[in-house]
Amino acid sequence: MNPLFLLFATSTCLGAIAVVISQSVVRMAFWLVVSLGSVAGLFFLADADFVAATQLLIYVGGTLVLLIFGIMLTPSGPALKLKTPPAEIAVAVVIGLLFLLTVFSTISGVDWEQKEIVAADRQPGFDDQSEGQTLRPIGLALLGVRPDKAGASGYLLPFEIVSVHLLAVLIGAAYLARAKQRTRNSNPDAARKSGNAGDPNHGG
Amino acid sequence: MSAVLASNSIAEYLHSPGLPLLGPISEGTALLAASMFHLALLFHVFAICPAVFIWLERKASGRIQDRLGPTRVGGRFGWLQSLADGIKLVQKEDLCPPAADGLLFRMAPYIVCLSSFAAFVVLPFSDGWVAVSADCGLLILLSVLSLEVFGIILAGYCSGSKWSLFGGMREAAQMVSYEIPLSICALIPVISAGSLNLGEVGRMQGGHVLNWFLFHDPFTFIAFFVYFTVAIASCKRAPFDLAEAESELVGGFHTEYSGMRWSFFFMGEYASMFAVSCVASLLFLGGWHTGLPFVDGFLTGLRDAGRGTEGFSILGYLANVLGAGVFATKASTLVFVQIWVRWTLPRLRIDQVMTTCLKYLLPISCVLFLGATVWPLLLLTTGRTTWLPEPIGERAVSSMTTTAEIEESPSSDMASSNSGAELQ
């Protein structure tokens, strides 16, 4: 087995376990970044470079925003420890086992012999053919063109739906963070300041 | 793709049976050795950049303030000053405050360094001189560079100090906001190029200075300046260096750091300054091309002659060395402009920094993005042609048809499928 795969898989699992075990919010976020970053490494090893870059951008970057809110919305101080009540642990264990069952049934349902034949067609090494290069097919498929599969339709409609959805979310966020309407009695300076305070949240 | 990657040729050479002394090496070992070779080369680039640029910063700031700057260490121009700084920093005590979260406090500088080092992996320094030629190279580079802020927030929070926390928060607000116009501005030349592969983008701009994406259309011309402004901010350089602001705000996220760990932050900062300048010169300023038709034609001829011969060719190597020199000169000039700006402009307040991004740079970059998309259609309807390849709509269709042709004839040799997969 590929030693790099072992390395990334181990750090994914260890990072995930450390997220559960550690008690400080910031350490949890750090281990989550380790775990998700290792998943990105696994994607790179599987020649899915676009998915890997997206994983880095969205999940690892998203954890960053989570960390910022975790710091801003919880009492400050690195010594803060989170205590989980036993009832929550029981619920979490049940949900985790159910999820494990789902994943296990999905994995055992796939015909892996067939997949290995497809994987064997790839050339080894780090040149331009062997390395992922999944960007152009993915982009064309999102525009509704499938050069790799004759007759198959692309994903233009889902792509447009997701785009419009994200646009609606952006407009909603801008609406929530806008400067509040000035009442007759309020100080215009205070209204301007409260409008500015919401701005950093746009990036999320 | 015509350029053979160095790692691949090294791996092939090590894997070949005729290797003296060692005998045949397994493929995995050969690949590992090749990647180690790349890692060592890139690490030298990563380590030398800060040393040179810190010296340049000292010297330029001295000249701008009517001083001499460093003069003694290492001869006339004080060019060994960075090394002396390094020795001084190594000798300092490695402090960790008792209120800090020890593990994360010690880890944070490495995260900053690692993310800006990882950006160099997909950066082509000359035609084919790239560690990993990824199709979505720019996307990987931007996503990796954006991780730098994570180390800074960790450093700010885990120091257990209010000053550090405030600095980290300012930095988080600034960098997360400035990432958006940075990505949009980097996308504008990509629309014209039709590829996220930085090597391909660089190769497209050869021949003439008018082929540079800077002069492709009015939108890319403005986008370059917007990109450069945003890049300065995303490297947290003055006038946007609210994260540090040593004199006014009692330092920022690195208040509690000392010695080498403190200098790691600055190694990361100077290396990412160089990285964003490299991206600017690749996307807008023609990459490793000089822009003079006779020089570019000569170098391309040398490269093609080198490619025609078997094995290692001194001509192709020489052309690539010259190309890398041109590329490094362009990027270093941009870094020098960043230094120049730092010692010329006064620092903005944090609300002014946020206003600049969200109320000015973000709308400007969105308008430029829209304009760059509409521009080819405008050219198409008025019947005028541009210097560069055809508009993006036609190009997507043509690349689709060439890919379909490859699918039909799998027996065609590798070279022809390569040229088919390429853009034009």
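The values are calculated or read from the model by the stated rules, or taken from the named source; none is laboratory data. Since we're looking at a predicted model, the values are computed, not measured. Quick reminder, even Gly has a Cβ in these numbers, built from the backbone with ideal geometry, and neighbours come from all protein chains shown. Accessible surface is based on the protein model in full, side chains and every heavy atom, while ligands, DNA and RNA are left aside. Shrake-Rupley method; radii C 1.70, N 1.55, O 1.52, S 1.80 Å.
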Original post:
Somewhere in segment B:310-322, is a residue within 30 Å of residue B:112 (Cβ to Cβ) and open to solvent by less than 20 Å² (accessible area, probe 1.4 Å)?
Top reply: no
Original post:
When you go through (1) more than 10 Å from chain A (Cβ to nearest Cβ); (2) crowded, with 24+ Cβ neighbours inside 10 Å one by one for residue B:226, which number turns out not to apply?
Top reply: (2)
Original post:
Give me the pairs: first residue in segment B:127-150 and more than 7 Å from every other protein chain (Cβ to nearest Cβ), second residue of a type in the set (Val, Ile, Thr), beta-carbon distance under 6 Å, and six or more apart or on different chains, which are they?
Top reply: B:131/B:121; B:137/B:122; B:141/B:122; B:148/B:112
Original post:
In segment B:87-106, which residues are buried (at least 17 other Cβ atoms within 10 Å of the Cβ) and in a helix (DSSP H, G or I)?
Top reply: B:104, B:105
Original post:
Do we have any residue at all in segment B:253-266 that's aliphatic (A, V, I, L, M) and surrounded by 20 or more Cβ atoms within 10 Å (Cβ to Cβ)?
Top reply: no
Original post:
Is it true that some residue in segment B:330-343 is at pLDDT below 90 and outside any loop (DSSP other than H, G, I, E, B)?
Top reply: yes
Original post:
Counting only residues that are open to solvent by 20 Å² or more (accessible area, probe 1.4 Å) and not in a helix (DSSP H, G or I), which one in segment A:23-47 is nearest to residue B:165 (Cα to Cα)?
Top reply: A:23
**OP:** State whether the residues of segment A:82-105 include one that is modelled with pLDDT under 85 and of a type in the set (Gly, Ala, Ser).
**Re:** no
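This table checks each residue for (1) within 14 Å of chain A (Cβ to nearest Cβ); (2) crowded, with 17+ Cβ neighbours inside 10 Å; (3) modelled with pLDDT under 90.
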residue: B:8; (1), (2), (3): yes, yes, yes
residue: B:24; (1), (2), (3): no, no, yes
residue: B:28; (1), (2), (3): yes, no, yes
residue: B:40; (1), (2), (3): no, no, yes
residue: B:64; (1), (2), (3): no, no, no
residue: B:70; (1), (2), (3): no, yes, yes
residue: B:85; (1), (2), (3): no, yes, yes
Original post:
Which ones in segment B:140-154 are under 18 Å from residue B:272 (Cα atoms) and part of a helix (DSSP H, G or I)?
Top reply: B:140, B:141, B:142, B:143, B:144, B:145, B:148, B:149, B:150, B:151, B:152, B:153
Subject >> Close pairs from segment A:27-48: first more than 16 Å from residue B:110 (Cα to Cα), partner acidic (Asp, Glu) and assigned to a helix (DSSP H, G or I), Cβ under 9 Å, at least 6 apart >> reply: A:43/A:49
Original post:
Taking the stated definitions as given, is residue B:166 aromatic (Phe, Trp, Tyr), within 14 Å of chain A (Cβ to nearest Cβ), touching a residue at least 40 places away in the same chain (Cβ under 8 Å) and more than 20 Å from residue B:372 (Cβ to Cβ)?
Top reply: yes
Original post:
So which residues in segment B:155-183 are aliphatic (A, V, I, L, M) and at pLDDT 85 or above?
Top reply: B:155, B:180, B:182
Original post:
Within segment B:188-241, how many residues are charged (D, E, K, R) and part of a helix (DSSP H, G or I)?
Top reply: 2
Original post:
Is one or more of the residues making up segment B:352-363 open to solvent by 40 Å² or more (accessible area, probe 1.4 Å), under 21 Å from residue B:210 (Cβ atoms) and at pLDDT 50 or above?
Top reply: no
**OP:** For residues that are in contact with a helix residue (DSSP H, G or I) (Cβ under 8 Å, 6 or more places away or on another chain) and more than 11 Å from chain B (Cβ to nearest Cβ), tally how many sit in segment A:44-60.
**Re:** 1
